[in-house]
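Okay, structure first, notes after.
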Amino acid sequence: MTREPVVRVEGPAVALPLDNIDTDQIIPARFLKTTSREGLGAHLFAGWRPCILDEPAARGARILVAGRNFGCGSSREHAPWALLDFGFGAVVAASFADIFHQNALKNGLLPVALPAPVHAEVVALVRREPGTRLVADLERQVLFWPSGECPFAVDAFARECLLQGVDEIGYVLRQEGAITAFEAGRGVDNGL
């Protein structure tokens, strides 16, 4: 599958600095009756409405600043779909649940994990000044905010897929010529 490449996610940020936000809180189960990604953003954090996303500062927000262990709970892929459909391109947190982290990367949502002291600084800034502009630069692997910056890590293969705008299958399909040449060089005939 191809999608828009993720090189930089920049724009206003909104803070929801709670720890252990699980996937059922991100997108409640009652909205999982679809395999389409469209429309899920309208139900993002539906169990918490009204919430920070209803505030004027959240309009047009591109980056969500959350707490620790974001995306814990069940492995639903609908969670990153809902965040993307709402308009978020990145989530900044102190840590992520492993399955959510992988689902985010595979669906084009950039998870940015920061060390606790830096994370606390960014949370405080965005809470004090909702709509603060952040830049998550995937090429340089650095998060920028008006008064600072911090490097972040992304798995090399996931980073390459995001930068190219492909998932794992799309990545392999882009290598088809090299695979065919390699197999031909080995004298292998894969014709069926």
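No lab work stands behind these numbers, since they all come straight from the coordinates. What you see is a predicted model, and the numbers here were worked out from it, not measured in a lab. All Cβ positions, glycine included, derive from the backbone under ideal geometry; neighbour counts span all protein chains shown.
Listed values, structure above:
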item	result
Qualifying residue in segment 81-102 (condition: out of contact with any Cys (no Cβ under 6 Å at 6 or more places or on another chain), aromatic (Phe, Trp, Tyr), buried (at least 18 other Cβ atoms within 10 Å of the Cβ) and in a loop (DSSP other than H, G, I, E, B))	yes
Those residues of segment 1-31 which are closer than 30 Å to VAL172 by Cβ, surrounded by 17 or more Cβ atoms within 10 Å (Cβ to Cβ) and of a type in the set (A, V, I, L, M), in sequence order	VAL6, VAL9, ILE26, ILE27
Matching residues, segment 22-76, being more than 16 Å from PHE100 (Cα to Cα), out of contact with any Ser or Thr (no Cβ under 8 Å at 6 or more places or on another chain), assigned to a helix (DSSP H, G or I) and aliphatic (A, V, I, L, M)	ALA42, ALA46, ILE52, LEU53, ALA57, ALA58
Number of the condition not met by ARG127 [criteria: (1) of a type outside the set (Asp, Glu); (2) touching a residue at least 24 places away in the same chain (Cβ under 8 Å); (3) surrounded by 18 or more Cβ atoms within 10 Å (Cβ to Cβ)]	(3)
Wholly enclosed helices (runs of 4 or more DSSP H) of segment 114-190 bearing at least 2 residues within 16 Å of ALA104 (Cβ to Cβ) and of a type outside the set (A, V, I, L, M)	156-164
Residue that is closer than 22 Å to LEU125 by Cα, surrounded by 12 or more Cβ atoms within 10 Å (Cβ to Cβ) and not polar (S, T, N, Q), where the choices are ASP167, ASP137	ASP137
Where a residue in segment 155-182 is without any contact (Cβ under 8 Å) to a residue 40 or more places away in the chain and its partner, wherever it lies, is in a helix (DSSP H, G or I) and surrounded by 12 or more Cβ atoms within 10 Å (Cβ to Cβ), with Cβ under 7 Å and at least six apart	TYR171/CYS161; TYR171/GLN164
Matching residues, segment 42-54, being closer than 17 Å to ALA66 by Cα and either in contact (Cβ under 8 Å) with a residue 60 or more places away in the chain or surrounded by 11 or more Cβ atoms within 10 Å (Cβ to Cβ) (or both)	LEU44, PHE45, ALA46, GLY47, TRP48, CYS51, ILE52, LEU53, ASP54
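Residue by residue, here is whether (1) within 17 Å of GLY89 (Cβ to Cβ); (2) of a type outside the set (A, V, I, L, M, F, W, C); (3) within 18 Å of the chain's Cα centre (by Cα) holds:
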{"position": "ALA120", "(1), (2), (3)": "no, no, no"}
{"position": "VAL126", "(1), (2), (3)": "yes, no, no"}
{"position": "GLY148", "(1), (2), (3)": "no, yes, no"}
{"position": "PHE157", "(1), (2), (3)": "no, no, yes"}
{"position": "VAL172", "(1), (2), (3)": "no, no, no"}
{"position": "GLY177", "(1), (2), (3)": "no, yes, no"}
{"position": "THR180", "(1), (2), (3)": "no, yes, no"}
{"position": "GLY187", "(1), (2), (3)": "no, yes, no"}
